[in-house]
Every structure is written in C-alpha cells, then in structure tokens.
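What follows is one structure encoded as structure tokens, with my remarks underneath.
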Amino acid sequence: MTSSVNCYDEFSKLSKVIIGRVDNACTPQDEPCYRVKSGGKSQIHGYSGPKNISTIHQANKQLDNLVKILKNEDVEVLRPEKTDFKKPIRHVNFEISNQNVNSCPRDIFSILGSTILQAPVSWRSRSMEFLSYKNLFKDLYLKDRQVKLYTAPVPSYKDSMYVLDYPIKHDSVEREKLIDQQKFCITEEEALFDAADLYQVGDTVLYHHHYWSNNTGFEYLQRHFPEFKFHKIEFTNQHIPSHVDTIINIPRPGVLIKNPVMELDEQTKKLFEENNEWEIFNAPSPETFILPQGSTCTPYININMLSLDEDTILVEETEISMHKFLENEIGLNVIKVPFRDFYSSGGSLHCCSLDICRKEGKKNYF
C-alpha cells in the first residue's frame, strides 16, 4: 500500500501539495546570509521589518488563485499556520528583531519517499520557520505509520558558521573568484543545506552545492539516506544566490531544462549526457530582467515551474517565450498562472509549493 506521503520525483502525477503563505511577511534585518542574498540591502539601507500591506495582499491573491487552480486539477492542497513573523528571535548565539515569512515550504522541508526531512537552514531569520508546519506534519505522521519524520542536526547559528567578510555585491570581482573555486558564505563547520537545493529524480537526488548548502550537508544526506544516490551538482556564474529549482527544471524523464547563462559541472554533464535518453535544453531568457520591488530573486525565476504530471506544467503567465518553448519544443500543456506579485515573497510556483504525494515510486532514471 502506497503511503499518503510519497515523493520520488518532481514530474509524475501530483495529488497532494503544501502551498505556503505570505501573511505577516517581513524582510529580514542584517544577518550573514541575507546580506549576501540581498546584495547588501539589509546592511546598507536598513532594509528590514514588516512588508508593505499591499505587497502582501497582492501576493495572497495570487496564492489563493493558485490554490483554486490546483484544486480544479484534483490536487489536495494543505496550508501552514499563519504566523506572526514580526516577533523577534532571542537565541543563545544571536538576536534579531523580526523573522522572514513561510511563503516557501520547499526551502525548509524535503519529502524523500515517505520521509519528511526538516533541513538545517543557515538563515537566522528562518530558524523558527518550521513551527508553522509542525501541526500539519504531525497530523500526516499520526495518520500513516509509513510516514517518518526526521530533523537534520540543528545549526548553532554561531558566527563561525559563516564567512563574515564574504563579498556582498553580486557583481564584485572578489565574489567571482570565490565562485570559480566553489567557495561560498557558509563554512564547513556544521551540516547546512536548504531543502530547495535537493532535486529528486527517482532514486537519484541532485544536491546543489552553493551559498546555503555545503559539503558537510551533502555528506550528512549520504550517510543518513543510503537508499538514495546523492549527486553533487555545481554551476558557474552563481553571482545571485539561487536554489537549484531556479537553475534547472525536469518536467519529464529525459528532459533537462537549464539556465542558459550557467554551465553544469563536468560530472553532472556526464551523468546526463552518457544516458542517450536525456536531452539538455537551454531555457529561454525571461521576458524582462526587471523584478518587482523588494524581490531578491534571480531574473531566471522563469525556470521555477510546477509540474502537475509529465504532460502538464504551471508557468508564470507573462513568460510568453517559456510558454512557446515548452509547448513547441518539449510538447507540454502549459497552464498560465499570474504570479509575478509573489516574487517579492521569495520565489515562484515551485518555491511556494512542497509536493507531498506524487504517483510514481522510486525508479532509476540514470
């Protein structure tokens, strides 16, 4: 009997999903990771505190519409609790005056088969975000004995976790040199990774080594989940920190869509190119490189799409070049979803969702 929690890929038929919230959203104050993500806005401009009410309202409208679309496609939708992110966190190793937002559950949790894994996120402002989902996951756990709940080692959030003098500016020459060496703003002292840096393809999980996800985190996953093959994936030109789901998308087996200005490492190219059933496509450029005010996303957020099944995919409605590419080159049915107003809340259609149940079990695609 298949568990009510079942995820081994990101493209087979979706039947249950969590969609995040933006209520009481805040912009983090200055902290090591957000400083690098925002290009220094939190440090230079004092850019922190509650987000504009109209920004939250517009994002909520688009989230509600997404929920309606998913339900119309017979997908069960779960939501986290509303949380007051204006509250401070007073930790033994840090204090901050406000938190972030629970808009992107995929950043905090991974579903590996029937296991719910809470990731050891590096942002201090996101260290308590898991609480919004605690009752939801407890309910799934208690109703189904096949479901397992794991929490990765909880970070200490000490200064020694971070490279505190990491270059802030996205276009700095110093940052470019460090990127070429695959050196980022967290150290290897503790296992750290965002769940959105894991991309599932059957029994293989691609692990994106970058700003928020270190080699120690990769080793932790290999040791604790031996039933999966973890493959480290690295990219060039990572000036703007981006999760793996804004760099690649696999809408069906045999099709890899990638950011056109970032190159895969040689081992990852080999993984895909040695199997003749896989084709690698460069994604079309976004319709505009101008992002909504307050967004720290990469302009290539157009790659961040949500598959309903191997034939149908949800795409932001203004990304016309992407619609045509998916329909004409890949042969997909595209559902156009208005979602640009959500970009200021941390991501797009894939970021704001967390697959809980998809049809297929564990398969070998490589």
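What follows is calculated from the coordinates using simple rules that are stated; it is not laboratory data. Everything numeric here is computed off the predicted structure, so don't read it as measured data. Note: ideal-geometry Cβ built from the backbone for every residue, glycine included; neighbour counts use all protein chains shown.
Take the Cβ-Cβ distance between Glu360 and Lys269 as r, set R0 to 25 Å, and report the resulting FRET efficiency rounded to the nearest 0.05.
Numbers: r = 25 Å, r/R0 = 1.01.
Given R0 = 25 Å and the Cβ-Cβ separation, E is 0.50.
To the nearest 20 debye, what charge dipole does the chain have about its Cα centre, counting +1 at the Cβ of each Lys and Arg and -1 at the Cβ of each Asp and Glu? Before the final figure, lay out each step's value.
Values: 42 positive and 51 negative charges, 252 e Å.
Magnitude of the dipole: close to 1200 debye.
DSSP beta bridges in the stretch 69-210, what fraction antiparallel, as a percent rounded to 5? Spell out each step's value before the answer.
Details: 11 of 15 bridges.
If we restrict to bridges inside the stretch 69-210, about 75 percent are antiparallel.
To the nearest 0.05, what FRET efficiency results for Val67 and Ile290 with a Förster distance of 22 Å applied to their C-beta separation? Walk me through the numbers on the way to the answer.
Values: r = 27 Å, r/R0 = 1.25.
Here the calculated transfer efficiency is 0.20.
Arrange Tyr162, Tyr150 by Cβ neighbour counts within 10 Å, fewest through most, would you? Walk me through the numbers on the way to the answer.
Numbers: Tyr162 21, Tyr150 12.
Going from sparsest to densest Cβ surroundings: Tyr150, Tyr162.
For each pair in Lys37/Lys158; Lys138/Lys269; Lys61/Lys86, compute the distance between the two Cα atoms and list the pairs where it is over 30 Å. Don't skip to the end; give the middle numbers.
Details: Lys37/Lys158 19 Å; Lys138/Lys269 39 Å; Lys61/Lys86 21 Å.
From the list (Lys37/Lys158; Lys138/Lys269; Lys61/Lys86), the Cα-Cα distance tops 30 Å for Lys138/Lys269.
With n ≥ 4 as the cut-off for DSSP H runs, can you work out [θ] at 222 nm for the chain, using -39500 (n - 2.57) per run divided by the number of residues, rounded to the nearest 500? Provide the component values of the computation, followed by the final result.
Details: 9 runs with 76 residues, N = 366.
After summing the helix terms and dividing by the residues of the chain, the value is -5500 deg cm²/dmol.
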- prompt: Can you give the net charge of the other residues whose Cβ lies under 13 Å from the Cβ of Asp180, counting K and R as +1 and D and E as -1?
  reply: -2
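To the nearest 20 Debye, how big is the dipole of the stretch 12-90 about its Cα centre, given +1 on the beta carbon of each Lys and Arg and -1 on that of each Asp and Glu? Could the numbers behind the result be given before it?
Numbers: 15 positive and 9 negative charges, 24 e Å.
My answer is approximately 120 debye.
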field: Solution diffusion estimate, µm²/s, Stokes-Einstein, the stretch 7-69, Kirkwood Rh from C-alpha pairs, 20 °C, viscosity 1.002 mPa s
entry: 150 µm²/s
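When the dipole is taken about the Cα centre of the stretch 1-132, and only Lys, Arg (+1) and Asp, Glu (-1) are charged at their Cβ, what size is it in debye, to the nearest 20?
On the way: 18 positive and 14 negative charges, 67 e Å.
My answer is approximately 320 debye.
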task: With a 10 Å radius around each residue's Cβ, average the other Cβ atoms per peptide and rank 108-115, 185-192, 57-64, highest first.
output: 108-115, 185-192, 57-64
- prompt: Dividing the alpha-carbon radius of gyration of the chain by 2.2 N^0.38 Å (N being the number of residues), what value is obtained?
  reply: 0.92
query: Karplus couplings for the stretch 110-124 from phi (6.51 cos²θ - 1.76 cosθ + 1.60, θ = phi - 60°), rounded to Hz, Gly and Pro as x?
result: 10, 10, 10, x, 10, 9, 9, 10, 8, 7, x, 6, 8, 6, 4
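Let a ≥ b ≥ c be the square roots of the eigenvalues of the Cα gyration tensor of the stretch 3-115; is it rounded (a/c under 1.5), or, if not, prolate (a/b larger than b/c) or oblate?
Values: a/c = 2.42, a/b = 1.70, b/c = 1.42.
In terms of gyration-tensor shape, prolate.
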query: Within straight cross-link reach of Lys143, meaning Cα distance under 16 Å, which lysines are found once same-chain residues fewer than 8 apart are removed?
result: Lys16, Lys134
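When DSSP beta bridges are limited to those with both residues in the chain, what percentage is antiparallel, rounded to the nearest 5?
Details: 28 of 50 bridges.
Antiparallel: roughly 55 percent of the beta bridges in the chain.
So for each of 345-353, 206-214, 85-93, 21-29 I average, over its residues, the number of other beta carbons within 10 Å; can you give me the resulting order with the highest mean first?
345-353, 206-214, 21-29, 85-93
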